[in-house]
1. Quick check for the chain: number of Lys pairs with alpha-carbon distance under 24 Å, counting only pairs 8 or more apart or on different chains?
2. Residues with amide H under 5 Å of Ile63's amide H, sequence separation 5 or more or different chain, H placed in the peptide plane at 1.01 Å from N; which?
3. Report the charge-dipole magnitude of the range 1-137 in Debye, nearest 20, computed about the Cα centre from +1 at each Lys and Arg Cβ and -1 at each Asp and Glu Cβ.
4. Extending each Cα 7 Å along its Cβ direction at Ile113 and Ser72, get the distance between those two points in nm, one decimal.
5. So what is the 222 nm mean residue ellipticity for the chain from helices alone, if each DSSP H run of at least 4 adds -39500 (n - 2.57) and you divide by all residues, rounding to the nearest 500 deg cm²/dmol?
6. Name the most mobile residue of Ile47, Ile34, Ile175, meaning the one with the largest mean-square fluctuation, in a Gaussian network model of the chain with Cα contacts below 10 Å.
7. Which whole-number value in Å² is the accessible area per residue of the chain, probe 1.4 Å?
8. At q = 0.17, 0.23, 0.24 Å⁻¹, what is the base-10 log of I(q)/I(0) for the range 1-45 according to the Debye formula with one equal point scatterer per Cα and no solvent? Please give it to two decimals.
Amino acid sequence: HFCLNTGLTIIPAGWASLVISLNPACITVFAALILSEKIGIRRWIGISISFLALAYIALSRDIQTGNGEVMSFWAKTIGMLITFGAVLCWGGFTVLGKKFIRDHDSLVVLAWIIGLGTLMVLPGLRSDFFEKMANGNSELWVSVIFLSVICTVAGFAVWYWVLETWDASRAGAFIYLVPVFALISGWWILGEPLDLSLMLSASVVVGGVILAGGKGKKV
């Protein structure tokens with residue numbers, strides 16, 4: 001979360017989601033190395049299709065800064081590298097979480113993760129945080145509640161529920177849907193650019209997810 005939030009101060013939300021979409025590849029590698037999962041050819045093909053579509057989006061488009069200027073190559077690279085730290089963390093989180101829920105209830109594991117994670121970020125809590133929250137408008141409170149209850153608690157609970165029944169690599173393939181929703185939300189909420197070529201590329205991403213996530217024999 002620290003890497004993702006820091007990256008979001010540099011690059012647009014839609015672009016950060018493109019970097020986050022490297023998660024399935026990272027999870028697949030970690031799952032093969034740590035969990036000894038066997039990855040079928042169809043799943044590799046689906047992941048490759050989605051990855052290539054995302055790479056095309058990243059390489060063929062410029063990032064616009066807040067004042068309308070094109071972001072420099074180095075600024076874009078630094079922002080993406082920082083965001084990529086979240087990819088590595090999520091890969092480890094998913095694979096190690098899969099190991100824990102083999103012997104423990106998924107909600108118990110989630111409670112420990114959220115509790116310990118909260119303790120670790122408390123030193124970074126600013127003195128004016130509660131004052132800002134107390135004086136915040138309804139939009140701020142709705143955003144905080146949505147991020148904490150829906151995105152964190154409910155999101156992670158569903159994620160671990162899926163990991164109980166699916167391979168980590170198969171579940172990870174669905175993270176390719178993140179840029180699709182993020183790009184649409186970025187356009188709708190933040191006014192980030194969204195054109196036909198971007199939508200077509202996102203459609204290819206979805207196709208790769210469907211191919212990677214479908215049931216079938218491993219070959």
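The values are calculated or read from the model by the stated rules, or taken from the named source; none is laboratory data. Note that the coordinates shown come from a computational prediction; the quantities given were computed from them, not determined experimentally. We place every Cβ from the backbone using ideal geometry, glycine too, and count neighbours over all the protein chains shown. Only protein heavy atoms, including side chains, enter the accessible area calculation; ligands, DNA and RNA are left aside. Shrake-Rupley method; radii C 1.70, N 1.55, O 1.52, S 1.80 Å.
1. 11
2. Met71
3. Computed charge dipole of the range 1-137: roughly 440 debye.
4. Each label point lies 7 Å from its Cα, and together they span 3.8 nm.
5. -20000 deg cm²/dmol
6. For the chain, modelled as a Gaussian network with Cα springs under 10 Å, the answer is Ile34.
7. 60 Å²
8. Debye output, listed in q order: -0.61, -0.78, -0.81.
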